[in-house]
Amino acid sequence: MTDKSVILIVDDDPLNVKLLIAILESDYEVLFALNGQKSVELAQQYKPDIILLDVLMPGQTGHQTCQILKANPATQDIPIIFISSLDDHDDEEKGLNCGAIDYISKPVKAAIVKSRVSNHLELKHTRDLLKQQATVDTLTTIANRRRFEEFLLQSWRTKQRESEPLSIIMIDIDYFKLYNDHYGHAGGDDCLRKVAQEMQKVISRSTDLLARYGGEEFVCILATSEQEGVEYIAEKLRYTVEQLAIPHTKSKVSDVVTISLGFATVIPTADQLLSNFMNAADHALYQAKETGRNCVVFDHSK
């Protein structure tokens, strides 16, 4: 894939597909499918920016395909433009009620296709930017608390279905108030940015998430690790921050900035409370602070 926006064309007529490709290929990365089932697979795999979807297709119709795409969290936000030879207001209304954002009649005209696609792409990019801003911490540019809470609930439900372990690491910068008092708020903000960006390099899997929880506290969700794996990652985070060697002359544990970490691991079940899981990790962090800081503690309570 290139940096161009990606358009998915879905039509059972190869001639129509070729025509649309000819109209769009100079400006966009174009994919195509000749039936609804294949289009759902491609949409899940490539996450196109817009789908041009034929209404009348044998087997799975365009309306059915649209409903399937809109019911799937992975594809529900992809804008869909119906393309149909049915020049009928009722059919257009049906398509829009399925979740499509626009309707183009056949035979298609190049200028109309280009204009509609361009306009809806601009709207989508604006929505994407606003959505990103709503889930990103503006200071550190990592995920914010809102994104963390969404991701945690989603991961909890997934691991509950799969009966697999889920882990949370709570992280706190040691003696950060003393750092702020000594180096000033600008220095504190710079410290937070550096620590967050360095930890983000450690948490790179799509199944995991690092977020700023608030102030100098961070939190990490690990969706595929058991206790030993989490302990290794937590220690790597601790070591990584220490190796930044950010001076902290007021720290009572080191002459550089360090972090304390507490984590909990559980296989979620229907009778467990998510809040108890969070509390366990928070308790482990408290224990890390009580036992000297700049260390990793696992919560053993069940």
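Values quoted throughout were computed directly from the atomic coordinates according to the rules given, and no laboratory measurement underlies them. If you're wondering where the values come from, they're calculated on a predicted model, not measured in any experiment. Here the Cβ positions follow ideal geometry from the backbone for every residue, glycine too, while neighbour counts run over all protein chains shown.
Taking a ≥ b ≥ c as the square roots of the eigenvalues of the Cα gyration tensor of the stretch 6-132, is the shape rounded (a/c under 1.5), prolate (a/b larger than b/c) or oblate?
The shape class here is rounded.
For the stretch 50-137, run through the trypsin sites (Lys or Arg not before Pro) and keep only the ones in DSSP coil with at most 16 other Cβ atoms within 10 Å of their Cβ.
Answer by residue number: K109.
Compute the helix-to-body angle for 227-243: its Cα long axis versus the longest principal axis of the chain, expressed 0 to 90° and rounded to tens.
70
Compute the acute angle (0 to 90°) between the alpha-carbon long axis of helix 62-71 and the principal axis of greatest extent of the alpha-carbon atoms of the chain; round to the nearest 10°.
10
What FRET efficiency, computed as 1/(1 + (r/R0)^6) with R0 = 45 Å and r the Cβ-Cβ distance, is obtained for S85 and R205, rounded to the nearest 0.05?
The formula returns an efficiency of 0.45 here.
Might you list the cysteines of the chain that have no disulfide-compatible partner by the rule of another cysteine's Cβ under 4.7 Å?
C191, C220, C295
Cross-link candidates for K4: which lysines have Cα within less than 23 Å, leaving aside residues fewer than 8 places away along the same chain?
Excluding near neighbours in sequence, the set is K18, K38, K47, K109, K114, K124, K131.
What are the residues whose amide H is under 5 Å from the amide H of V297, where those residues sit 5 or more places off or on another chain and H is modelled from the backbone?
Excluding prolines and chain starts, which carry no amide H, the hits are L261, G262, F263.
Taking R0 as 25 Å, what's the FRET efficiency between K47 and E122 from their Cβ-Cβ distance, rounded to 0.05?
According to the calculation, E is roughly 0.90.
Tell me which of V202, L237, P165 sits at the most positive position along the dipole axis of the chain, charges placed on C-beta atoms (Lys, Arg +1; Asp, Glu -1).
So the residue furthest toward the plus end is L237.
³J(HN,Hα) across the stretch 134-151 via Karplus (A = 6.51, B = -1.76, C = 1.60, θ = phi - 60°), whole Hz, x for Gly/Pro?
Going residue by residue, I get 6, 10, 10, 6, 5, 6, 9, 6, 9, 4, 9, 5, 4, 5, 4, 5, 5, 5 Hz, with x marking Gly and Pro.
Given that just one value was derived from the coordinates, which of [x] 21.3, 84; [y] 24.9, 75; [z] 26.2, 97 is Rg and Dmax of the Cα atoms in Å?
[y]
Non-local amide H neighbours of I9 (under 5 Å, H modeled in plane, Pro and chain starts lacking H): which ones?
Sorted by chain and number, the residues that satisfy this are L31, F32, A33, L52.
Angle, helix 274-290 long axis vs. longest principal axis of the chain, Cα atoms, 0 to 90°, nearest 10?
With rounding to tens, the tilt is 30 degrees.
Would you work out if the stretch 56-194 is rounded, prolate or oblate? Take a ≥ b ≥ c from the square roots of the eigenvalues of the alpha-carbon gyration tensor; rounded if a/c is under 1.5, else prolate when a/b is larger than b/c, oblate otherwise.
It comes out oblate by the Cα gyration axes.
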